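Step one of this worksheet: look at the structure below.
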Amino acid sequence: MAAPRLAATAAGLPAAFYARQLLWLLLLGAVLWWLEAATRLDVTLAQWFFDPLSQRFPLQHSLWLEWLNHRLPKYALIATSGGLALRAVRRREARLGYAVLVMWLATLAVSLLKAHSAHSCPWDLQAFGGSGEWFALFGAVAANPGPGQCFPGGHASGGFALLALFFYWRPHAPRRARQAAVAALALGLLMGLGQMARGAHFLSHNLWSGWVVWLVAVLLFAAFDLGRAASTAKSARQLPGISGA
């Protein structure tokens, strides 16, 4: 017996909506680039958590921070996405199932970028007790960049990934969609802040993580909604021929 197909819960979003989303992404990307290129915000914030006397981040190995900000949120998000996936299958909600897939793919995209990045974490840089050299995000790689694999922020992407629920709810529950977006932003920033306190990431690492998650969500949901719209339109054009056969 064939497995039941997932059914959509509501109409999708129009192309104009996704065009506006891409425009906002371009503007935000320009702002993030300017913040990194024209200010010392990353270093200034990292210095708040760094002890120059001991040449280390005092909270780097904090057990409570490791559990409250790192492990527990990660486990909770894994459980949440798993629960949503089960709900999507049981209720045959195509859009919800797709939202869960987007959550997973968005965090995977951040992880892949991070794994191939030459940028090192603050605790590995010379300015913060390490040996690696700092270099601009989109500049030439330093002669001694350190171990790398630290951009964008992987942990924060888990919180930002809840943004997929914004696109799930937006067609039929705009208020709940906005609440999901606020929750995703708050959780991503909070999880990123914990990593900043440990010396694991700069602010820009976390902000770009949110940008990547947002971009992936926009592209994948645009493909979903516009693809379904095109399929529906094609089926509608074929109806007269079928009825007249």
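The values are calculated or read from the model by the stated rules, or taken from the named source; none is laboratory data. None of the values given here were measured: they were computed from a predicted structure. Reconstructed Cβ throughout: ideal geometry from the backbone, glycine too, with neighbour counts over all protein chains shown.
Among the residues of region 163-183, those that are surrounded by fewer than 24 Cβ atoms within 10 Å (Cβ to Cβ), part of a helix (DSSP H, G or I) and of a type outside the set (Phe, Trp, Tyr) comprise Pro174, Arg175, Arg176, Ala177, Arg178, Gln179, Ala180, Ala181, Val182, Ala183. When the helices (runs of 4 or more DSSP H) confined to region 1-101 are screened for residues that are in contact with an Asp or Glu (Cβ under 6 Å, 6 or more places away or on another chain) and loosely packed, with under 11 Cβ neighbours inside 10 Å, none reaches at least 2 such residues. Scanning region 156-173 for residues that are in contact with a Phe, Trp or Tyr (Cβ under 9 Å, 6 or more places away or on another chain), closer than 23 Å to Leu113 by Cα and not aromatic (Phe, Trp, Tyr) turns up Ala161, Leu163, Ala164. I'd like to know if region 94-116 contains one or more residues that are over 15 Å from Gly192 (Cα atoms) and over 22 Å from the mean Cα position of the chain (by Cα). Within region 94-116 (the criterion being over 15 Å from Gly192 (Cα atoms) and over 22 Å from the mean Cα position of the chain (by Cα)), the answer is no, since none of the residues qualifies. Among all residues of region 141-152, there is at least one that is within 30 Å of Arg87 (Cβ to Cβ) and not in a helix (DSSP H, G or I). Pairing residues of region 219-245 that are under 30 Å from Phe166 (Cα atoms) with residues that are modelled with pLDDT of 85 or more and part of a helix (DSSP H, G or I), at Cβ distances under 7 Å and at least 6 apart in sequence or on separate chains, gives Leu220/Val102; Leu220/Leu105; Phe221/Val102; Phe221/Phe167; Ala222/Tyr18; Phe224/Tyr98; Leu226/Ala15. Of all residues in region 176-218, those that are in contact with a helix residue (DSSP H, G or I) (Cβ under 6 Å, 6 or more places away or on another chain), closer than 30 Å to Asp124 by Cβ and without any contact (Cβ under 8 Å) to a residue 60 or more places away in the chain total 5.
Kindly indicate whether any position in region 124-131 is touching a residue at least 24 places away in the same chain (Cβ under 8 Å) and surrounded by 20 or more Cβ atoms within 10 Å (Cβ to Cβ). Yes, that holds for at least one residue. Taking each residue of region 17-32 that is closer than 11 Å to Leu215 by Cα and looking for partners that are charged (D, E, K, R) with beta-carbon atoms closer than 9 Å, six or more apart or interchain, yields Tyr18/Asp225.
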